[in-house]
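Working notes, structure below.
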Amino acid sequence: AKALGGHPLALRLWSPDEPVPEEGVAVQEYVQSTVLARLSEDGIGTLGELSLSPVPLKVSELEDDSGTAELDDSAVLRWADTLVEPHHLIRNVRRGSWSDEQTATLHSEAARKWASRDGVRARRMEGHHLLHSGEPDSEWLAEHLPSITEQDSAAAAVLIEQAVGLSDDESLRETAADLALERGEA
């Protein structure tokens with residue numbers, strides 16, 4: 001159960017010889033048939049948006065929150081004050097059900113949605129989705145990384161690390177080195 005994020009469904013699903021619990025066929029089939037198959041279109045849509053997010057969201061930040069009540073009633077959501085996210089087991093199985101092409105398209109759409117919003121949190125989310133859509137943009141990062149760093153240097157470090165992993169752009173490596181020095185990292 002600990003390996004699967006503490007979700008109660010985990011008690012019957014995982015075998016220690018499986019390297020990544022959520023990737024086990026039995027786990028995916030069980031979650032698909034007992035949880036996801038019972039959700040309405042609204043529930044699936046909201047779950048998809050929440051599963052795509054790198055961090056918990058406020059319900060008001062969701063583009064479509066129409067399935068939130070259903071997900072909450074189905075014990076799919078974890079709450080921390082006003083922030084919500086799916087249980088990690090459910091989220092990871094949902095993410096695993098998308099092809100690479102679907103995932104890139106969903107991230108691209110999410111990046112456009114976050115780009116229309118104001119604030120540093122919106123830029124952080126936009127950056128995450130841009131990188132996962134396969135569109136690393138060193139100019140975008142150069143423009144927005146300083147404000148993200150000012151508010152949350154750990155988030156900025158994750159963004160720049162992901163960008164360096166996707167691109168051979170030397171300016172990204174320099175920015176990553178500068179941020180690591182600023183944060184006192186190797």
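I'd like to know if region 68-90 contains one or more residues that are of a type in the set (Gly, Ala, Ser) and touching a Pro at 6+ places or on another chain (Cβ under 7 Å).
Yes; the residues of region 68-90 include at least one that is of a type in the set (Gly, Ala, Ser) and touching a Pro at 6+ places or on another chain (Cβ under 7 Å).
Of the residues that make up region 127-134, is at least one open to solvent by 50 Å² or more (accessible area, probe 1.4 Å), in a helix (DSSP H, G or I) and within 23 Å of VAL59 (Cβ to Cβ)?
yes
Acidic (Asp, Glu), modelled with pLDDT under 90 and assigned to a loop (DSSP other than H, G, I, E, B), is that true of ASP17?
Spelling it out, ASP17 is indeed acidic (Asp, Glu), modelled with pLDDT under 90 and assigned to a loop (DSSP other than H, G, I, E, B).
Within region 57-85, track down each residue that is over 15 Å from the mean Cα position of the chain (by Cα), assigned to a strand (DSSP E or B) and in contact (Cβ under 8 Å) with a residue 12 or more places away in the chain.
Within region 57-85, ALA80 is the sole residue that qualifies.
For region 38-56, give me the residue count where each residue is under 17 Å from ASN92 (Cβ atoms), part of a helix (DSSP H, G or I) and more than 14 Å from the chain's Cα centre (by Cα).
Count: 1.
Among the residues that make up region 103-110, is at least one of them farther than 23 Å from GLY43 by Cβ, open to solvent by less than 70 Å² (accessible area, probe 1.4 Å) and touching an Asp or Glu at 6+ places or on another chain (Cβ under 6 Å)?
no
Starting from region 117-129, take each residue that is over 16 Å from LEU50 (Cα atoms) and list its partners that are open to solvent by 40 Å² or more (accessible area, probe 1.4 Å) and not in a loop (DSSP other than H, G, I, E, B), counting only C-beta distances under 7 angstrom and pairs at least six apart or across chains.
VAL120/SER147; VAL120/GLN151; ARG123/SER147
Somewhere in region 139-149, is a residue part of a loop (DSSP other than H, G, I, E, B), modelled with pLDDT under 95, open to solvent by less than 50 Å² (accessible area, probe 1.4 Å) and touching a helix residue (DSSP H, G or I) at 6+ places or on another chain (Cβ under 8 Å)?
No, because not a single residue in region 139-149 is part of a loop (DSSP other than H, G, I, E, B), modelled with pLDDT under 95, open to solvent by less than 50 Å² (accessible area, probe 1.4 Å) and touching a helix residue (DSSP H, G or I) at 6+ places or on another chain (Cβ under 8 Å).
Among the residues of region 86-121, write down those that are among the hydrophobic types (A, V, I, L, M, F, W, C), under 14 Å from the mean Cα position of the chain (by Cα), assigned to a helix (DSSP H, G or I) and under 21 Å from GLY134 (Cα atoms).
Residues satisfying the conditions are ALA104, LEU106, ALA110, ALA111, TRP114.
Restricting to region 55-90, count the residues that are closer than 20 Å to ARG121 by Cβ and not hydrophobic (A, V, I, L, M, F, W, C).
Residues that pass the stated criteria total 13.
So VAL93 fits all but one of (1) open to solvent by less than 40 Å² (accessible area, probe 1.4 Å); (2) under 24 Å from ALA122 (Cβ atoms); (3) in contact (Cβ under 8 Å) with a residue 24 or more places away in the chain; what number is the exception?
Exception for VAL93: condition (2).
The values are calculated or read from the model by the stated rules, or taken from the named source; none is laboratory data. Small disclaimer: the values here were computed from a predicted structure and weren't measured. Cβ: placed from backbone, ideal geometry, glycine included. Neighbour counts: every protein chain shown. Ligands, DNA and RNA are stripped out before the accessible areas are found, and what is left, the full protein with its side chains, is counted by its heavy atoms. Shrake-Rupley method; radii C 1.70, N 1.55, O 1.52, S 1.80 Å.
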